Amino acid sequence: MDLGIRGKRALVCASSKGLGRGCAEALAEAGVDLVMNARGSEALEQAAQEIRDRFGVTVTAVACDVTTPEGQAELIEAAQGVDILVTNAGGPPPGMWTDWDREDFIRALDANMLSPIALMKALVPGMMERGWGRVVNITSQSVKSPIPQLGLSNAARAGLTGYVAGTSRQVAPSGVTINNLLPGIHDTDRAASLDDGASKKDGIPVEEARARREASIPAGRYGTAAEFGATCAFMCSQHAGFMVGQNVLLDGGVGNQTM
Ligand code: NAP
């Protein structure tokens, strides 16, 4: 399917690896020029070059921390005039509700709620003026089915979800859609570190921790970054202009719910 976005420009945050990289690749395959970002410049430059070589699009790499005001300022400058914004950052660490203090919550809110809001506030007005735009926020299945040990993530992402629900309806008349894409377990470094945590907690080999988690998914496996990216690219396409303020769940069937 032609996604109808060839020649458009996108900022994809936190995209040298994992789900962000999957989104960057799928957009590049659709002919979208990219601003890519991560903190580590080596992996970022390598990912950017691989995407240039494979898809022939223009890629600007901006190495910075998207969760800081300085990093956001750099990204906003590099991304002036973008048509598409994919927000993303690393997820907060797991733990127990008794572990977290105010500073932990502030860090989680900065990373997974206030950073995407700052980028939307800076880049959506230009999209509205031009009469077309797409925003996809990478959140988590925990928005629909909170995960007890990911309380920091549950809290921050719920805040972003509430913000998007209101804002998406305010910008839709200008041709800009804002939606959230909710990963369940996908095969990335983040999933490997959660497998590692489960292995240590339960005193079992990491392969067994992974097998147990796979068995808990009706699809019987982890999702892939390529599947995730393809869904993101569709949500950024010409065909998704009537999708507004949705929370699109990609979890292999884990959430047993009708809404
Ligand atoms: P990942 O494999 O750990 O990839 C993270 C990517 O983001 C890397 O490119 C990393 O590069 C970059 N990054 C991390 N923190 C950053 C920051 N502060 N500023 C700029 N770039 C940053 O993670 P993932 O699995 O793709 O997950 C992406 C998001 O989805 C996370 O918020 C995660 O919590 C959420 N999620 C993932 C899953 C899953 O199963 N994978 C499930 C639910 C939710 P650098 O380290 O070099 O910065």
Worksheet item: Once the whole set of protein chains is in place, how much accessible area is left on MET235, using a 1.4 Å probe, in Å² to the nearest 10?
Response: 0 Å²
Worksheet item: Over the range 1-137, what per residue volume does the convex hull of the Cα atoms give, in whole Å³?
Response: 112 Å³
Worksheet entry | Cut-off under 5 Å, modelled amide H: who pairs with LEU249 long-range | LEU182
Worksheet item: Expressed as an acute angle from 0 to 90° and rounded to the nearest 10, what is the orientation of the C-alpha long axis of helix 69-78 relative to the principal long axis of the chain?
Response: 40 degrees
Worksheet entry | ASP101, ASP251, ranked by accessible area, largest first (probe 1.4 Å) | ASP101, ASP251
Worksheet entry | Net lengthening on full extension, ILE217/GLU42 (0.36 nm per residue, minus Cα-Cα) | 59.6 nm
Worksheet item: What FRET efficiency comes out for the pair GLU208/MET128, r = Cβ-Cβ distance, R0 = 45 Å, nearest 0.05?
Response: 0.35
Worksheet item: From the backbone phi of the range 34-40, what are the Karplus-calculated ³J(HN,Hα) couplings (6.51 cos²θ - 1.76 cosθ + 1.60, θ = phi - 60°) in whole Hz, Gly and Pro given as x?
Response: 10, 10, 9, 8, 6, 6, x
Fill in: Three-way shape label, the range 128-171, alpha-carbon gyration tensor, a/c 1.5
prolate
Discussion item. Expected output is a single nm value to one decimal: the length gained when fully extending between SER174 and GLN257, i.e. 0.36 nm times separation in residues minus the C-alpha distance. What is it?
Written reply: 26.6 nm
Discussion item. Using the basic label-point model (7 angstrom from Cα toward the beta carbon), what is the ILE147 to MET1 distance in nanometres?
Written reply: 2.8 nm
Worksheet, complete the sentence: Taking a probe of 1.4 Å and leaving out DNA, RNA and ligands, the chain shows per residue an accessible area in Å² of 47 Å²
Discussion item. Please compute the length gained on full extension between GLU77 and GLU50, using 0.36 nm multiplied by the number of residues separating them and subtracting their Cα-Cα distance.
Written reply: 7.3 nm
Worksheet item: Per-residue accessible area for MET128 at 1.4 Å probe radius, Å² rounded to 10?
Response: 70 Å²
Response to the item:
Normalised Cα Rg of the chain, dividing by 2.2 N^0.38 Å with N its residue count, works out at 0.97
Item to complete: With a 1.4 Å probe and all protein chains in place, put ARG21, ARG212 in order of accessible area, largest first.
Response: ARG212, ARG21
Item to complete: Rounded to the nearest 500, what is the 222 nm mean residue ellipticity of the chain from helices alone, with -39500 (n - 2.57) per DSSP H run of 4+ residues and division by all residues?
Response: -14500 deg cm²/dmol
Response to the item:
In degrees rounded to 10, the 0-90 angle between helix 225-235 Cα long axis and the longest Cα principal axis of the chain is 40 degrees
Worksheet item: Can you give the angle from 0 to 90° between the axis of helix 115-130 and the longest principal axis of the chain, with both taken from C-alpha atoms, to the nearest 10?
Response: 30 degrees
Worksheet entry | Free-standing Cys residues across the chain, given no other cysteine C-beta under 4.7 angstrom | CYS13, CYS64, CYS236
Practice prompt. Enter the Cα centre distance for the pair the range 222-249 and the range 128-166, rounded to the nearest angstrom.
Written response: 14 Å
Worksheet item: In straight Cα distance, which aspartates and glutamates are under 20 Å from LYS8, not counting same-chain residues fewer than 8 positions off?
Response: GLU25, GLU29, ASP33, GLU50, ASP53, GLU77, ASP83, GLU129
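The values are calculated or read from the model by the stated rules, or taken from the named source; none is laboratory data. Here the structure is a predicted model, which means the values were calculated and not measured. Every residue, glycine among them, receives a Cβ derived from its backbone with ideal geometry; neighbour counts consider all protein chains shown. Only protein heavy atoms, including side chains, enter the accessible area calculation; ligands, DNA and RNA are left aside. Shrake-Rupley method; radii C 1.70, N 1.55, O 1.52, S 1.80 Å.
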